[in-house]
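S.K.: The structure under discussion is supplied below as structure tokens; questions concerning it will follow.
The values are calculated or read from the model by the stated rules, or taken from the named source; none is laboratory data. Small disclaimer: the values here were computed from a predicted structure and weren't measured. Cβ coordinates were reconstructed from backbone atoms using ideal geometry, including for glycine residues, and neighbour counts include every protein chain displayed.
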């Protein structure tokens with residue numbers, strides 16, 4: 001508890017600084033974490049070698065690893081700034097691309113499932129999507145530190161965002177979609193065998209969440225892929241990709257598998273096209289290929 005209040009005091013100090021100086025601090029912190037975190041540097045290396053094999057030379061690994069630490073640090077900065085800045089202030093640095101895809105689904109009266117990823121400034125992207133275009137419901141995982149958990153949840157509530165805890169989330173999601181609302185789900189996280197279906201992800205057979213496909217089929221929801229991009233870590237574009245339209249036949253199990261693969265194909269293509277912004281620090285394959293993370 002004392003540590004949390006010390007953190008809040010440090011947060012106030014950082015928010016007192018000019019934004020340019022505050023941003024420089026977080027970039028420095030990301031570089032510092034890169035230098036001292038042997039464990040997570042290894043995770044990035046393991047992931048890159050697993051996916052790229054011999055093509056992952058030392059220069060490529062170093063570049064991706066440093067960028068991953070910087071991205072994580074800046075995501076925390078955006079969470080912090082979101083507690084102090086107004087929506088209008090932050091909206092000045094964010095624009096939407098291809099939002100007609102969202103408007104079309106809303107005009108049709110259909111619920112929306114935004115599928116997204118730990119890619120770029122994902123915290124900023126979720127906030128702006130929910131506050132400026134379509135209020136969303138997200139799923140969170142309980143943290144060991146309840147003070148920091150409440151800190152994050154309170155930060156997100158400001159952005160017209162609803163949230164449900166991962167265990168028992170189905171009831172909340174069903175209610176949200178049944179009312180014609182929208183949810184946003186990360187489809188790039190490690191998932192248990194019980195909750196997953198095996199598809200091809202980045203060229204590897206991988207367990208992938210199937211709930212997005214199941215809910216879309218049940219509620220005729222629009223599956224809209226969404227990512228946030230930047231060229232300068234200052235101005236951002238939230239891009240909505242064309243709606244994924246899966247088959248709907250009498251073979252429900254196969255339709256769900258096909259739908260899940262279509263979603264994964266989209267994400268794989270975007271990561272391979274521009275790999276740096278993806279969250280390579282995550283042990284994505286620890287359930288499917290635990291051996292790649294062994295010491």
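S.K.: So which of 154, 108, 165, 132 ends up being in contact with a helix residue (DSSP H, G or I) (Cβ under 9 Å, 6 or more places away or on another chain) and at pLDDT 90 or above?
M.R.: 132
S.K.: Please go through the stretch 242-257 and give me each residue that is surrounded by fewer than 19 Cβ atoms within 10 Å (Cβ to Cβ) and in a helix (DSSP H, G or I), ordered by number.
M.R.: Passing the criteria: 252, 253, 254, 255, 257.
S.K.: Looking only at the stretch 103-115, which residues are surrounded by fewer than 23 Cβ atoms within 10 Å (Cβ to Cβ) and not in a helix (DSSP H, G or I)?
M.R.: Answer for the stretch 103-115, where residues must be surrounded by fewer than 23 Cβ atoms within 10 Å (Cβ to Cβ) and not in a helix (DSSP H, G or I): 108, 109, 110, 111.
S.K.: I would also like to ask the following. Do any residues in the stretch 136-164 that are more than 24 Å from residue 224 (Cβ to Cβ) have Cβ atoms under 7 Å from those of residues that are in a loop (DSSP other than H, G, I, E, B) and modelled with pLDDT of 80 or more, where the two are at least six apart or on different chains, and which pairs are they?
M.R.: none
S.K.: Residue 64 passes all but one of (1) under 20 Å from the mean Cα position of the chain (by Cα); (2) at pLDDT below 95; which number fails?
M.R.: Condition not satisfied by residue 64: (2).
S.K.: Just to be sure I understand, how many residues within the stretch 269-291 are assigned to a helix (DSSP H, G or I), over 14 Å from the mean Cα position of the chain (by Cα) and surrounded by 15 or more Cβ atoms within 10 Å (Cβ to Cβ)?
M.R.: To start, the set of residues in the stretch 269-291 that are assigned to a helix (DSSP H, G or I) comprises 269-273, 290-291.
Narrowing the set further to residues that are over 14 Å from the mean Cα position of the chain (by Cα) leaves 269, 272-273, 290-291.
Imposing the further condition that a residue be surrounded by 15 or more Cβ atoms within 10 Å (Cβ to Cβ) reduces the set to none.
Residues meeting the conditions: 0.
S.K.: Within the stretch 187-200, restricting attention to residues that are touching a helix residue (DSSP H, G or I) at 6+ places or on another chain (Cβ under 8 Å) and part of a strand (DSSP E or B), which residue is modelled with the lowest pLDDT?
M.R.: 197
S.K.: With respect to residue 24, determine if the residue is modelled with pLDDT of 95 or more, surrounded by 18 or more Cβ atoms within 10 Å (Cβ to Cβ) and within 22 Å of residue 122 (Cα to Cα).
M.R.: no
S.K.: Here's a follow-up. Given the structure, is residue 37 surrounded by fewer than 17 Cβ atoms within 10 Å (Cβ to Cβ), without any contact (Cβ under 8 Å) to a residue 40 or more places away in the chain and either under 17 Å from residue 75 (Cα atoms) or within 21 Å of the chain's Cα centre (by Cα) (or both)?
M.R.: no
S.K.: Ok, one more. Among (1) at positive phi; (2) touching a residue at least 40 places away in the same chain (Cβ under 8 Å), which single condition is residue 105 missing?
M.R.: Against the list (1) at positive phi; (2) touching a residue at least 40 places away in the same chain (Cβ under 8 Å), residue 105 comes up short only on (1).
For every residue, the table says whether it meets (1) over 27 Å from residue 130 (Cα atoms); (2) at pLDDT below 95; (3) crowded, with 18+ Cβ neighbours inside 10 Å.
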site	(1), (2), (3)
202	yes, no, yes
222	no, no, yes
240	no, no, yes
259	no, no, yes
265	no, no, no
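S.K.: For the stretch 44-59: of the residues being assigned to a helix (DSSP H, G or I) and either in contact with a helix residue (DSSP H, G or I) (Cβ under 7 Å, 6 or more places away or on another chain) or at positive phi (or both), which is surrounded by the fewest Cβ atoms within 10 Å (Cβ to Cβ)?
M.R.: 53
S.K.: For the stretch 62-79, check the following and say yes or no: at least one residue is in contact with a helix residue (DSSP H, G or I) (Cβ under 8 Å, 6 or more places away or on another chain), surrounded by 13 or more Cβ atoms within 10 Å (Cβ to Cβ), without any contact (Cβ under 8 Å) to a residue 40 or more places away in the chain and not in a helix (DSSP H, G or I). Give the steps one after another, and end with the answer.
M.R.: Residues of the stretch 62-79 in contact with a helix residue (DSSP H, G or I) (Cβ under 8 Å, 6 or more places away or on another chain): 64-66, 68-79.
Then drop every residue that is not surrounded by 13 or more Cβ atoms within 10 Å (Cβ to Cβ), which leaves 64-66, 68-79.
Checking which are without any contact (Cβ under 8 Å) to a residue 40 or more places away in the chain leaves us with 66.
Retained after the next criterion (residues that are not in a helix (DSSP H, G or I)): none.
No, the stretch 62-79 contains no residue that is in contact with a helix residue (DSSP H, G or I) (Cβ under 8 Å, 6 or more places away or on another chain), surrounded by 13 or more Cβ atoms within 10 Å (Cβ to Cβ), without any contact (Cβ under 8 Å) to a residue 40 or more places away in the chain and not in a helix (DSSP H, G or I).
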